[in-house]
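Have a look at the structure below, then the notes.
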Ligand SMILES: [Fe+2]
Ligand SMILES: [Fe+2]
């Protein structure tokens, strides 16, 4: 858990390397309070940017050990892209996203890994 | 022509048992050896390593691997290595191995590698102990790669391949956010490859990156992270320099 970000993709919104301190850092209120976005200041995790970072932490830290998803804020929604090993993993990722981002539309574009053999080599001569 | 199959970041766990085996069983028809570029497991447990071992056990081509950061997560890399070795996998860290393909000596030098960033945009061995340790770790592994490649040259290898998990170049990271490049690789790995020389550098780790790149010294680099190559493995055909092809060296 304390290792640096890996395959990177949760570093969107510039939050990756800074979120390793723990998902419950008291970040939300200070930020949203100062910025005067009163509608978002009610909950400690109301700030979408931090929620995205927390989702990244949960994906990495749980059973999935998933560090390969790109999670980005796009307008009012959150967009998740990447490749999952199995359909089961993809469902688990979407379930965690729904838990971590309640009330936010999540648009996912998660491909399944293609495990077929290649049909031709690349000639490097 | 030496045909090198390679894949990294297969991230296998108990749920993915058997996923790659069907493709691996056809591999010998199009490749002479299989390289595994790290992140073979999810958390680096021996149980997950067993899944990997079963996936490649008994293949009719040599299987050569390096570990990735995921394979270190449980802090049992030696156990993971032992499980893989028990299935006949050659696991490299700062070492080389030679396989003979039709009388041609093919050398593979391997290290996990580590981050730090790329020339002009990299961390330095300066300041806090943690920062020094970070860069020192990369430097030590890059030195191991250099030594291993040098050893393969001295050993008369006609073809040499550098196998890492972290990337030696930024080219193959294109698609990843720029901000995290320093966590994805280090120029120290490329410097080692260029100084010692190699015919190909293969790595993984950057799932959103790009397959093709090249070091500033002109060594071709391939990111074989499974989400990048979108196949069970990629195959690269490497020409053999005639002057090195000595069938007699088999004796
Ligand atoms: Fe990976
Ligand atoms: Fe990795």
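If I filter region A:111-125 down to residues being touching a residue at least 24 places away in the same chain (Cβ under 8 Å) and surrounded by fewer than 18 Cβ atoms within 10 Å (Cβ to Cβ), which single residue comes out as farthest from the chain's Cα centre (by Cα)?
So, considering only residues that are touching a residue at least 24 places away in the same chain (Cβ under 8 Å) and surrounded by fewer than 18 Cβ atoms within 10 Å (Cβ to Cβ), the one farthest from the chain's Cα centre (by Cα) is A:112.
What residue, of B:107, B:58, B:88, B:94, is modelled with pLDDT of 95 or more and either within 14 Å of chain A (Cβ to nearest Cβ) or under 22 Å from residue B:212 (Cα atoms) (or both)?
B:107
Give the residues of region B:217-227 that are more than 9 Å from every other protein chain (Cβ to nearest Cβ) and crowded, with 21+ Cβ neighbours inside 10 Å, sorted by residue number.
Passing the criteria: B:219, B:221, B:223, B:224.
Looking only at region B:14-30, which residues are closer than 23 Å to residue B:69 by Cα and facing chain A (nearest Cβ under 8 Å)?
Passing the criteria: B:15, B:16, B:19, B:20.
When only residues in region A:74-97 that are surrounded by 16 or more Cβ atoms within 10 Å (Cβ to Cβ) and farther than 8 Å from residue A:110 by Cβ count, which is nearest to the other protein chains (Cβ to nearest Cβ)?
Within region A:74-97, the match that is nearest to the other protein chains (Cβ to nearest Cβ) is A:85.
Would you check which residues across region B:42-70 are in a loop (DSSP other than H, G, I, E, B) and over 17 Å from residue B:26 (Cα atoms) and list them? Break it down stepwise before answering.
If we filter region B:42-70 for residues that are in a loop (DSSP other than H, G, I, E, B), which is where we start, we get B:42-45, B:57-62, B:67-69.
Once the filter is applied, which keeps residues that are in a loop (DSSP other than H, G, I, E, B) and over 17 Å from residue B:26 (Cα atoms), region B:42-70 yields B:42, B:43, B:44, B:45, B:67, B:68, B:69.
Of (1) assigned to a strand (DSSP E or B); (2) buried (at least 22 other Cβ atoms within 10 Å of the Cβ); (3) modelled with pLDDT under 95, residue A:67 satisfies all except one. Which?
Only one criterion in (1) assigned to a strand (DSSP E or B); (2) buried (at least 22 other Cβ atoms within 10 Å of the Cβ); (3) modelled with pLDDT under 95 is unmet by residue A:67, namely (1).
How many of the residues making up region B:35-44 are out of contact with any helix residue (DSSP H, G or I) (no Cβ under 6 Å at 6 or more places or on another chain) and either more than 16 Å from ligand 2 (Cβ to nearest atom) or in contact (Cβ under 8 Å) with a residue 40 or more places away in the chain (or both)?
Going through region B:35-44 one residue at a time, the tally reaches 4.
Exactly one of (1) outside any strand (DSSP E or B); (2) closer than 26 Å to residue B:72 by Cβ is unmet by residue A:82. Its number?
Of (1) outside any strand (DSSP E or B); (2) closer than 26 Å to residue B:72 by Cβ, only one is false for residue A:82: (1).
For residues that are away from ligand 2 (no atom under 16 Å from the Cβ) and touching a helix residue (DSSP H, G or I) at 6+ places or on another chain (Cβ under 8 Å), tally how many sit in region A:64-80.
Selection size over region A:64-80: 5.
Can you pull out the residues in region B:58-110 that are within 16 Å of ligand 1 (Cβ to nearest atom) and more than 18 Å from residue B:166 (Cβ to Cβ)?
Residue satisfying the conditions is B:74 alone.
The values are calculated or read from the model by the stated rules, or taken from the named source; none is laboratory data. What you see is a predicted model, and the numbers here were worked out from it, not measured in a lab. Neighbour counts run over all protein chains shown; Cβ positions are idealised from the backbone, glycine included.
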